[in-house]
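The values are calculated or read from the model by the stated rules, or taken from the named source; none is laboratory data. From a predicted model like this one, the values you see are computed outputs, not experimental measurements. Every residue, glycine among them, receives a Cβ derived from its backbone with ideal geometry; neighbour counts consider all protein chains shown.
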Amino acid sequence: MIHYNPNTRTFNLLGSQSHYAMMVDGDGRLIHLAWGPTPNPLSGHNRFAPPGQSSFEFQGQRDELPAYGPISVHEVALKASFLKAPAALSAGEALYRPIRDVRLAYTGHEIEENAQLPTSSSSFRTPHSTLRISLTDSLQPLTVTLCYRLFPAHDIIERWCTLTNTGPDPIRIEKLAFAALHLPPGSNEVTTVHGAWGAEFTTQRHTLPVGSFNIGHRSVQTGHAFNPFFLANRPGHATETSGPVYFGALAFSGAWLLTFEHQHSGDMRVFGGYNPFDFELILQPGQTHTTPAFVCGVSGEGWGGASRRLHAFTRDAVLPNAAPRPVLYNSWEATYFALSHEGQAALARKAAAIGVELFVVDDGWFGGRRSPLSGLGDWTVSPEVFPNGLQPLIDEVHALGMQFGLWFEPEMVNPDSDLYRQHPDWVLHFPGRPRTEARMQLVLDYGRDEVIEYIFSALDALLSTHDIDFIKWDMNRNVTEPGSVTGKAIWRAHTAGVYRLMDRLRQKYPNLSLQSCSGGGGRVDLGILRRVDQVWTSDNTDALDRLGIQEGFSLAYPARIMEAWVTHEKNHQTGRVLDLSTRFDVAMRGALGIGSDLNALGDEELKEYASYIAFYKRFRHVVQDGDLYRLETLAEHGASTLLYVLPDQSEAVYSVAVHDHLIGRHRPPARLCGLNSTAVYTITDRHERAIAHLSGADLMAQGIPGDTYGPAGYSRTLHLKIVK
Ligand code: GLA
């Protein structure tokens, strides 16, 4: 519920277990009052008056959108220059151009309660209401509307802002965060993830010193180095299961920045938005700019509660649809570039026989793409690889009862391609400068409408003539030399172009599913997740490495989008040999996929694959739609133990995997969470053997019998169900 009290000029946003309050002060400034994990409304009393009132410390006011003007020495969310034409200023005044301060004051608001809930495949399968507060500069022609969309069931607020130039001259926006979050003083323990190709989502938890800490990316995808989300709490006041934890995540896949400003006073502010490096946004007269969203929330149930809220929100209000994710086979690691109709058809037959539901042909099927050296950009089926075209393979895959998927990398071009030979000016570059290649490829200039049109037509030509159910949308390099016909706006224009293309494709082909991949998990964020059904988490499929990657991923993102594949016994990325059971137990924690060379497996092993896939199908609804409890985490226990519980508590999936050798020690059994304490659960293994019947209360007090010891690689998956 969103409530406004006109007497105290106070806004209260009440979630099911949270409150967020702000007020308009005597100067018209919109001031943050409170945010916390209880649904208690506040009246208009600013409990956080600036602590220091010396001549150096008068800027501690907690503006909902700190702007450069009233705030000059601390971090700001907005900085603008007003480029008033010299003719409009006196000769003396013109010397002061550009005027570089913004003073925003409240001018009005509107509340839109429970905007209509679309029933099926669209965002917002959950109630919500939206508050829009207008702030206007009294001297300069700038209006900023701060938007708050509250999802009470999830204790989440989606925040963004809209800037409008109401005057006759351009305004240059030099810095813009989508929102600034004020955390309670002292909330300086921050959890984020960092990484690289093959090592995405490495968790780091730090107590921040006084100062500013930044994570971000300066390219046109989300990036491997960091992911745009955080969890924050007071040091020592939160655990996996308890304590107030604040969280936020950006819904944007371009150059982004999260700044955590920990002030001497103890104040903690988090700014999330456009990366200010090389940033420029010119608002022409009459023009409006709407930022992407900074999603934020609070949990009273520790880091686990924060993750569960983000997961449920993503499932209910972000992802394009709620259908179960199919078991996928991808032939990349089986054949790499050695594609042929016969080879793929043979794999497809074996994949169907073991229970696969979606068969994906990866890189190498098009143009002159026989290796990474050439062909990117030429999106026509290669007659060299498929002399009779692709449709016969698609027909065969469909006849086997599977969907058909295909790999694309629509933002890239190899210099050795027909596209580049025809349009060498269609790539990001600076005239006369080298065009730095990475993986022998260059980035197309998505600032050019004709490029977007060309790519749309190329994909459309294939989709309209072939029965393609699924696209793997890849993106395999960072940007260098960001020269574009759009100038510095390319940092936003590229992402806008990708979104536009995906939206258009989804609109024209409503049954098409998309996967986001950027050399693995380089493009995962709440912006792309509005448009894709799942993501490729990492090219690293080593099950023990995956434990950490998937644990970091699970801090923010739900299991249903997390593709996890079983690949070869000897892993292609790490060379490590792991049992099939470990590989399946870890991959079954997300959207299961298979990437092994099925032609190299004997009948017995194929039967084992089939048995695991059948097991997964029995409980996948619990993994994909359930609430996740991280019972044991790697840093604390050397093992990762997860429990997924359906919201009605009728079923759960328990999954343990030991990462470190724990020699000479008993691991205390992990106690389960979130079950129905009075009901009796029947616990079954892959072979449908009932290994125990235990009450929810027993399981939550003592854990699952028999899991107290395990060497590295020990793993086990069990299905729990209340049998009436
Ligand atoms: C990237 C992807 C891989 C695969 C290759 C194909 O590396 O992450 O999964 O699709 O490209 O070239």
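Listed by first and then second residue, the pairs linking a residue in segment 216-244 that is touching a residue at least 40 places away in the same chain (Cβ under 8 Å) to a residue that is of a type in the set (Lys, Arg) and surrounded by fewer than 21 Cβ atoms within 10 Å (Cβ to Cβ), with Cβ atoms under 9 Å apart and 6 or more places separating them unless they lie on different chains, are LEU231/ARG205; GLY243/ARG234; PRO244/ARG234. Is there a residue in segment 409-421 that is within 16 Å of the ligand (Cβ to nearest atom), buried (at least 21 other Cβ atoms within 10 Å of the Cβ) and within 23 Å of PRO326 (Cα to Cα)? Yes. Annotation: of all residues in segment 158-175 being within 26 Å of LEU83 (Cα to Cα) and surrounded by 22 or more Cβ atoms within 10 Å (Cβ to Cβ), the one that is nearest to the ligand (Cβ to nearest atom) is CYS161. Condition test on ASP503, is it among the charged types (D, E, K, R), part of a loop (DSSP other than H, G, I, E, B) and away from the ligand (no atom under 16 Å from the Cβ)? So ASP503 does not fit the description; no. Evaluate the following for SER596: is it within 21 Å of HIS659 (Cβ to Cβ), small (Gly, Ala, Ser), within 15 Å of the ligand (Cβ to nearest atom) and in contact (Cβ under 8 Å) with a residue 24 or more places away in the chain? Spelling it out, it is not the case that SER596 is within 21 Å of HIS659 (Cβ to Cβ), small (Gly, Ala, Ser), within 15 Å of the ligand (Cβ to nearest atom) and in contact (Cβ under 8 Å) with a residue 24 or more places away in the chain.
Being buried (at least 16 other Cβ atoms within 10 Å of the Cβ), farther than 30 Å from ALA153 by Cα and out of contact with any helix residue (DSSP H, G or I) (no Cβ under 6 Å at 6 or more places or on another chain) is a property that does not hold for LEU258.
Only one of the numbered conditions (1) in contact with a strand residue (DSSP E or B) (Cβ under 9 Å, 6 or more places away or on another chain); (2) outside any strand (DSSP E or B) is not met by TRP407, and that is (2). Of all residues in segment 367-383, those satisfying the criterion of being surrounded by fewer than 23 Cβ atoms within 10 Å (Cβ to Cβ) and within 14 Å of the ligand (Cβ to nearest atom) are GLY367, ARG370, SER371, PRO372, LEU373, SER374.
Scanning segment 572-582 turns up at least one residue that is within 16 Å of the ligand (Cβ to nearest atom) and touching a residue at least 40 places away in the same chain (Cβ under 8 Å).
Just one of the numbered conditions (1) hydrophobic (A, V, I, L, M, F, W, C); (2) within 16 Å of the ligand (Cβ to nearest atom); (3) within 18 Å of the chain's Cα centre (by Cα) is not true of VAL498: (2). Residue pairs whose Cβ atoms lie under 8 Å apart, sitting 6 or more positions apart in sequence or on different chains, and linking a residue in segment 387-405 that is over 16 Å from GLY355 (Cβ atoms) to a partner that is β-branched (Val, Ile, Thr) and in a helix (DSSP H, G or I), are GLN391/THR465; PHE404/ILE394; PHE404/VAL397. If the condition is being assigned to a helix (DSSP H, G or I) and among the acidic types (Asp, Glu), then segment 615-662 contributes ASP625, GLU636. Within segment 71-111, the set of residues being modelled with pLDDT of 95 or more and among the acidic types (Asp, Glu) comprises GLU75, GLU110. PRO510 meets all of the listed conditions (1) of a type outside the set (Phe, Trp, Tyr); (2) away from the ligand (no atom under 16 Å from the Cβ); (3) in a loop (DSSP other than H, G, I, E, B); (4) under 26 Å from GLU280 (Cα atoms) but one, namely (4).
Assess whether ILE613 counts as being in contact with a Phe, Trp or Tyr (Cβ under 9 Å, 6 or more places away or on another chain) and in the same structural domain as SER596 (by TED's automatic domain parsing). Yes. On the stretch given as segment 456-495, residues that are surrounded by 18 or more Cβ atoms within 10 Å (Cβ to Cβ), touching an Asp or Glu at 6+ places or on another chain (Cβ under 8 Å) and assigned to a helix (DSSP H, G or I) total 3.
Condition test on GLY552, is it assigned by TED's automatic domain parsing to the domain that holds VAL498 and within 16 Å of the ligand (Cβ to nearest atom)? The answer is no for GLY552.
Condition check ((1) within 27 Å of the chain's Cα centre (by Cα); (2) farther than 20 Å from GLY223 by Cβ; (3) not assigned by TED's automatic domain parsing to the domain that holds TRP365) across all residues:
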{"residue": "ASP418", "(1), (2), (3)": "no, yes, no"}
{"residue": "HIS423", "(1), (2), (3)": "no, yes, no"}
{"residue": "PRO434", "(1), (2), (3)": "no, yes, no"}
{"residue": "LEU444", "(1), (2), (3)": "yes, no, no"}
{"residue": "VAL451", "(1), (2), (3)": "yes, yes, no"}
{"residue": "ASP469", "(1), (2), (3)": "yes, yes, no"}
{"residue": "ASP474", "(1), (2), (3)": "yes, no, no"}
{"residue": "TRP491", "(1), (2), (3)": "yes, no, no"}
{"residue": "MET502", "(1), (2), (3)": "yes, no, no"}
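Among the residues of segment 191-235 satisfying the criterion of being of a type in the set (A, V, I, L, M) and out of contact with any Ser or Thr (no Cβ under 8 Å at 6 or more places or on another chain), which is farthest from the ligand (Cβ to nearest atom)? Residue satisfying both the conditions and the ranking: VAL210.
Just one of the listed residues (SER484, SER518) is small (Gly, Ala, Ser) and within 16 Å of the ligand (Cβ to nearest atom), and it is SER518.
Applying the condition of being among the small types (Gly, Ala, Ser) and assigned to a strand (DSSP E or B) to segment 677-697 and asking which residue is surrounded by the fewest Cβ atoms within 10 Å (Cβ to Cβ) yields ALA690.
Cβ-Cβ contacts under 8 Å between residues 6 or more apart (or on different chains), taken from a first residue in segment 326-342 that is farther than 22 Å from TYR609 by Cβ to a second residue that is within 13 Å of the ligand (Cβ to nearest atom) and aliphatic (A, V, I, L, M), are listed as LEU339/VAL361. Taking segment 257-366 and the strands (runs of 3 or more DSSP E) fully enclosed by it, the elements with 3 or more residues that are at negative phi and more than 16 Å from the ligand (Cβ to nearest atom) are at 268-274, 281-283, 288-290, 294-299. Quick one: which residue in VAL577, VAL566 is β-branched (Val, Ile, Thr) and surrounded by 22 or more Cβ atoms within 10 Å (Cβ to Cβ)? Just a single option satisfies the conditions, and that option is VAL566. Picking from residues in segment 530-546 that are assigned to a helix (DSSP H, G or I) and surrounded by 24 or more Cβ atoms within 10 Å (Cβ to Cβ), the one that is nearest to the ligand (Cβ to nearest atom) is ARG546.
Restricting ARG234, ARG218 to those that are out of contact with any strand residue (DSSP E or B) (no Cβ under 6 Å at 6 or more places or on another chain), within 25 Å of ARG530 (Cα to Cα) and among the basic types (Lys, Arg) reduces the list to ARG218.
Here LEU459 passes the criteria (1) of a type outside the set (S, T, N, Q); (2) over 23 Å from the mean Cα position of the chain (by Cα); (3) within 16 Å of the ligand (Cβ to nearest atom) except the one numbered (3).
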